[in-house]
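A short worksheet on the structure shown next.
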Amino acid sequence: MTLLTFRFAPSPNGELHLGHAYSALLNQQMAARAGGRLLLRIEDIDVIRCTPEFEAGIFRDLEWLGLHWERPVRRQSEHFAQYQAVLDRLIAEDLVYPAFMSRGEIRAFIAETGNRGRGWPRDPDGVPLYPPLDKALPASERKRRIAENMPFAWRLDVEAAMARAPGALSWTEFTDETMSATRAIEAQPQDWGDVIVARRDVPTSYHLAVVVDDALQGVSHVVRGRDLYSATGVQRLLQELLGLPVPRYFHHRLILGPDGRKLSKSFKDTGVAALRQAGMSPQDVARLVGL
């Protein structure tokens, strides 16, 4: 009998906050309830912002919270060759294209479109969708720009990808923490437009790395925050294109700050380390997040 496999996958680009604590503890609780495994994955493809110091802090905080995970830990930065192989496959199948527009050029294009009386679509996070200009570039022009070392990112041609994906895209979502009921969710990857799947200097993105990792690690259940609910559609599309197994999902509630906004590393919300230093116990933290 195959054990159910859960994972907690933080990025070492800041200190863990209460929202991370809730997600980590919830994954452990659900894995224990199901008699399954818990993995820890370090998602450190951002080699600029992710640091060994933040990674060490993650281990300290999780150990203090009482988390137990299987070793060895998978670090994404150690597996760029695996992501490159998958990217090469997408390139060979004409499912991605090099996108050269800078942020300024994107803003100018959208502003010009707006001046002509048309609005511009935005993704579920409110970011304008990428313009279609680069997708229409001839292959010779793409090769010339790449040869001249112009900055670019590899973007998924969502229209081509949707045409290649067999049948309707959906995923199975658990409706509560007990995993006693599920519902089928229709995936809407087109809502995100042509998302980035890799950069010139880093052969992957969050979307690509996470589906590859979940498949390689045998993750059967993805338990993560509600803020990633819509992004699941893009990941389902990549799973279909690459023939990868599809985990079951549970997108849990978010821990909000006093002002009602989602906790964030960038705003330096109260972190797990700060709570520990203030004299709180792991049990206090668990109660604080409602576990």
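What percent antiparallel are the DSSP beta bridges of the chain, to the nearest 5?
In the chain, DSSP labels about 50 percent of beta bridges as antiparallel.
Can you pull the semi-axes for segment 57-181, root of five times each eigenvalue of the Cα gyration tensor, sorted largest first, whole Å?
Working from the Cα gyration tensor, I get semi-axes of 36, 23, 19 Å.
Where in the chain is the longest stretch that carries no trypsin sites (Lys or Arg not before Pro) classed as loop by DSSP and with at most 14 other Cβ atoms within 10 Å?
Here the longest run is 119-199.
For segment 6-101, taking Cα atoms only, what is the radius of gyration to one decimal and the Dmax to the nearest whole Å?
16.3, 49
Could you give the length gained by full extension between Thr2 and Met280, i.e. 0.36 nm per residue of separation minus their alpha carbon distance, to one decimal place?
Residue separation times 0.36 nm, minus the Cα-Cα distance, leaves 96.3 nm.
Relative contact order of segment 145-291: what whole-number percent is it, with Cα pairs under 8 angstrom and at least 6 residues apart?
23
To test your reading of the geometry: what angle, between 0 and 90 degrees and rounded to tens, separates the Cα axis of helix 80-92 from the longest principal axis of the chain?
Long axis of 80-92 versus the principal axis of the chain: about 40 degrees.
Relative to the longest principal Cα axis of the chain, at what angle does helix 232-242 sit, 0 to 90 degrees, rounded to 10?
Between helix and principal axis, roughly 70 degrees.
Reported to two decimal places, what Rg/Rh ratio describes the chain when computed on Cα atoms with Rh from the Kirkwood expression?
Expressed as Rg/Rh, it is 0.98.
Count the DSSP beta bridges whose two residues both fall in segment 146-291, then state the antiparallel fraction as a percent rounded to the nearest 5.
Within segment 146-291, antiparallel bridges account for around 60 percent of the total.
Mind pulling the angle between the C-alpha long axis of helix 103-115 and the longest principal axis of the chain? Nearest 10 degrees, somewhere in 0 to 90.
With both axes taken from Cα atoms, the answer is about 70 degrees.
If R0 is 45 Å, what FRET efficiency do you get for Glu141 and Arg49 from their C-beta distance, rounded to 0.05?
Using R0 = 45 Å, I get an efficiency of 0.85.
Rounded to the nearest 500, what is the 222 nm mean residue ellipticity of the chain from helices alone, with -39500 (n - 2.57) per DSSP H run of 4+ residues and division by all residues?
Mean residue ellipticity at 222 nm (helix-derived): -11000 deg cm²/dmol.
Between Ala108 and Glu93, what is 0.36 nm times their sequence separation minus the Cα-Cα distance? Round to one decimal in nm.
Residue separation times 0.36 nm, minus the Cα-Cα distance, leaves 2.3 nm.
Each value in this text was obtained by applying a stated rule to the coordinates, not by laboratory testing. Fair warning: this is a prediction, and the values are worked out from it, not measured in the lab. Heads up, the Cβs are rebuilt from the backbone with ideal geometry, glycines too, and the neighbour counts pull from every protein chain shown.
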